[in-house]
Amino acid sequence: MKRKFLVPVILGVFLCILGDGGFGEEMKDFTKESREEKERRMQWWKEARFGMFIHWGLYAVPAGKWGDNTNYGEQIRDEARIPLEEYEKLREQFNPKEFNAREWVVFAKRAGMKYIVITSKHIDGFCLFDSKVTDWDVMSTPFKRDILKELSVACKEEGIKLCFYYAIMDLHHPDYLPRREWEREIRPDTGANFSNYIQYMKAQLKELIQNYGPLGVLWFDAEWENTWTHELGVEFYNYVRSLQPDIIVNNRVDKGRAGMSGFAPAENVGDFGTPEQEIPETGLPGVYWEVCMTMNNHWGYNAEDKNYKSTKELIHLLVDIVSKGGNFLLNVGPMGNGKFPPEAVSGLLQIGEWMKINGESIYGTDPSPFSKPEWGRYTVKRLGNGRVALYLHIFDYKPSLKIKVPITQKPINACLLVDKSQQIEFETDAEGVILKLPYMIEPDPYDTVVRLELEEKFIGTVNWGK
Ligand code: FHN
């Protein structure tokens, strides 16, 4: 019997004996933590506001093409209905000789991103790490290097939080159910035992946290099939937190996500909502959420997909999301050789140039106290000295713009963020503060930011975070 089939049996016994989230041992219920405890745990994540998503695996080898179709991505095995034995041949072709973990991490850092979420295992089941419970992993490829280990070292060296995406669905593991309809004949589920798969997941999550951690976030996905339940979601939320109590877990560990909108009812477990490829109209006071989006139209690398979002669009997406109190997780799909696509690199570096000057109007901000104005967005930050900074993101700066900020308090200071010596004159009336925008400035091509400093009592006078 090949190692990988014997493993679930040994594993099940091993975990039961160790009481490692197995039978018998009472696990702490982390869902009962206080609001203050959760706020403390979420603080770095809320400060960060901007992260990099990475979808990488065997699917980067075909790069979206199978037969005559060139529109596939990370789900190519299922979408192109590739029989398992055929798909497994990709393992022998995976040899990303130009992979350089530090290069990836430095690109994220230069873009102004504070954390990286990488697919440790997507729905094809292939592991980018050296797993002791399967040989369907990167150590069985010609590359033979532990990609996640190299990434964890580079993240520690560069001060970037490392986070792992982990798919609940697994189209390779013999005990994962249900099978795809199209492959039921050629790959029957005879003898499949979903409980073994649960133990396999627990063993891998333990490997990921104990061998590569401490981690920032465990980002679950592919939770929608009928074999996954709310009860399993609660069990796995507590299991992961038992391995690293301060880890953050997204809401896709549970079943409640309302599709791509990404939010779930309060009774569901998971620390933050996960809107995907869309932005909620407004934030939700007291609710943590993160929008994940592709740069083009695919999560995994697709060589034909040149439909990359412009830098202007990406910066406006970031500002819109943050102005509503959310985080932005922007995806890169690396190529089969281990390099980021050049279009992705160019976008990341241009965002980074803007963030170098304007990052203070993004990091650690709270949702805007005002509804979105037609000239751009507001972000706001408590400065901790009894004052707040209110940032006006003017997407298309014209000195003739009539901007009235609906506050009755006279700002202590008003300036351009790019050059705080460039003061902004203003007048006040009963409704607010009217800015007199200077003519002789070089507007930012994407978003010119004006900074107002106010007394914190300002917060008391506004419906915070609507
Ligand atoms: O089906 C996956 C998809 O491949 C990708 O990983 C996204 C990223 O959030 N999640 C699922 C679709 O919701």
Can you run down the residue pairs with Cβ atoms below 6 Å, 6 or more apart or on separate chains, where the first is in the stretch 115-127 and in contact (Cβ under 8 Å) with a residue 60 or more places away in the chain and of a type in the set (S, T, N, Q) and the partner is part of a strand (DSSP E or B) and near the ligand (Cβ under 10 Å from one of its atoms)? 119/165
Could you tell me which of the residues 62, 96, 83 is assigned by TED's automatic domain parsing to the domain that holds residue 342, buried (at least 22 other Cβ atoms within 10 Å of the Cβ) and more than 14 Å from the ligand (Cβ to nearest atom)? 62
Go through the residues of the stretch 287-304 one by one and say whether even a single one is away from the ligand (no atom under 16 Å from the Cβ) and modelled with pLDDT under 95. yes
In the stretch 352-380, residues that are among the acidic types (Asp, Glu) and free of Cβ contacts under 8 Å to residues at least 24 places away in the same chain total 2
Write out, first by first residue and then by second, each pair whose Cβ atoms fall under 6 Å of each other, whose residues are 6+ apart or on separate chains, and whose first residue, in the stretch 257-277, is closer than 17 Å to residue 38 by Cα while the second is modelled with pLDDT under 95 and within 10 Å of the ligand (Cβ to nearest atom). 273/262
For the stretch 126-150, how many residues are in contact with a Lys or Arg (Cβ under 9 Å, 6 or more places away or on another chain) and either crowded, with 22+ Cβ neighbours inside 10 Å or farther than 15 Å from residue 89 by Cα (or both)? 11
Taking interchain pairs and intrachain pairs at least six residues apart, which have beta carbon atoms under 7 angstrom, with the first residue in the stretch 157-184 and farther than 30 Å from residue 114 by Cα and the second crowded, with 18+ Cβ neighbours inside 10 Å and at pLDDT below 95? 175/8
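If a residue counts only when it is outside the structural domain of residue 72 (by TED's automatic domain parsing) and farther than 21 Å from residue 110 by Cα, which strands (runs of 3 or more DSSP E) contained entirely in the stretch 301-420 have at least 2 such residues? Outline the logic, then answer.
Values: elements: 327-332, 376-382, 387-394, 403-405, 413-416.
By residue number, 376-382, 387-394, 403-405, 413-416.
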Only residues that are in a loop (DSSP other than H, G, I, E, B) and either among the aromatic types (Phe, Trp, Tyr) or free of Cβ contacts under 8 Å to residues at least 24 places away in the same chain (or both): list them for the stretch 430-452, please. 430, 439, 440, 442, 446
Residues of the stretch 127-173 satisfying the condition of being more than 16 Å from the ligand (Cβ to nearest atom) and among the hydroxyl-bearing types (Ser, Thr, Tyr): 131, 134, 140, 141, 152
Would you mind telling me which numbered condition in (1) surrounded by fewer than 18 Cβ atoms within 10 Å (Cβ to Cβ); (2) more than 16 Å from the ligand (Cβ to nearest atom); (3) more than 22 Å from the chain's Cα centre (by Cα) residue 71 fails? (2)
Between 191, 233, 262, 216, which is more than 24 Å from residue 116 (Cβ to Cβ) and either crowded, with 21+ Cβ neighbours inside 10 Å or within 16 Å of the ligand (Cβ to nearest atom) (or both)? 233
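The values are calculated or read from the model by the stated rules, or taken from the named source; none is laboratory data. Bear in mind the structure is a predicted one, so any value in this text is a computation, not a measurement. Backbone-built Cβ (ideal geometry, glycine too); neighbour counts: all protein chains shown.
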